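Report on one structure; see the data block that follows.
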Amino acid sequence: MVLYMRQKIVEAKPQDHFEKKQVLCRFFVLAAADIFRSNISMSEINRSTVAHWQLDLASRTITRSANHDSYFGYPQNLPVWNIEMFIIHLLPEDNETFISRMRDIITAGKDFEYLYRVVWRDGSIHNLRSWGRFQNHPETNQPYRIIGMTDFVE
């Protein structure tokens, strides 16, 4: 799988650093879907520099890589992370837009890319970007989780 991803990234021949990062991130989301269907452990995923996560749509809980919470200003992951925790960290004036956009994304059930701002405990504001891919339940063929990743916007 890693060889396949490297080959695709080389074939993409991005023109600049940002585009290269986007290509890499998109391929990782595709690979992450395969990883979560297999028995690869989160410790193997944690070796990457971008944060990886999966959202269970029923429980609204998020399983995440060891570096995930650092994107929200924490030195290590908190014991629990869920949608409500995420929304708490959004810039207050962005909350309604985010909630509305997430409803649309979940209704559509399609891959997405989303830019947003978060506030760290020290009051600093940081721009983040998340990519996500829906996974359908094998029995119902309905979306039941989102596999994604998050990175800083440079």
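The values are calculated or read from the model by the stated rules, or taken from the named source; none is laboratory data. Please read all numbers here as calculations on a predicted model, not as lab measurements. Every residue, glycine as well, gets a Cβ built from its backbone with ideal geometry; the counts of neighbours run over all protein chains shown.
Quick notes on this one:
- Test: residue in region 119-141 that is in contact with a His (Cβ under 7 Å, 6 or more places away or on another chain) and either under 17 Å from residue 68 (Cβ atoms) or loosely packed, with under 14 Cβ neighbours inside 10 Å (or both): yes
- In region 106-116 there is no residue that is of a type in the set (S, T, N, Q) and farther than 14 Å from residue 57 by Cα.
- Test: residue in region 139-154 that is within 15 Å of the chain's Cα centre (by Cα) and outside any strand (DSSP E or B): yes
- Among the residues making up region 115-128, those that are part of a loop (DSSP other than H, G, I, E, B) and in contact (Cβ under 8 Å) with a residue 12 or more places away in the chain are 120, 121, 122, 124.
- Residue tally, condition among the aromatic types (Phe, Trp, Tyr) and touching an Asp or Glu at 6+ places or on another chain (Cβ under 9 Å), over region 52-95: 2
- Considering region 103-130, and only residues there that are of a type in the set (Lys, Arg) and farther than 15 Å from residue 150 by Cβ, the residue that is farthest from the chain's Cα centre (by Cα) turns out to be 121.
- Residue under evaluation residue 153, criteria (1) within 19 Å of residue 65 (Cα to Cα); (2) buried (at least 16 other Cβ atoms within 10 Å of the Cβ); (3) not basic (Lys, Arg), criterion not met: (2)
- The residue pairs whose first member lies in region 76-100 and is at pLDDT 90 or above, whose second member is among the acidic types (Asp, Glu) and in a helix (DSSP H, G or I), and whose beta carbons are closer than 6 Å, counting only pairs six or more residues apart or on different chains, are 77/69; 78/69.
- In region 73-114, the residues that are assigned to a loop (DSSP other than H, G, I, E, B) and among the β-branched types (Val, Ile, Thr): 80
- Filter pass, residue 106 being of a type in the set (A, V, I, L, M), surrounded by fewer than 18 Cβ atoms within 10 Å (Cβ to Cβ) and modelled with pLDDT under 90: yes
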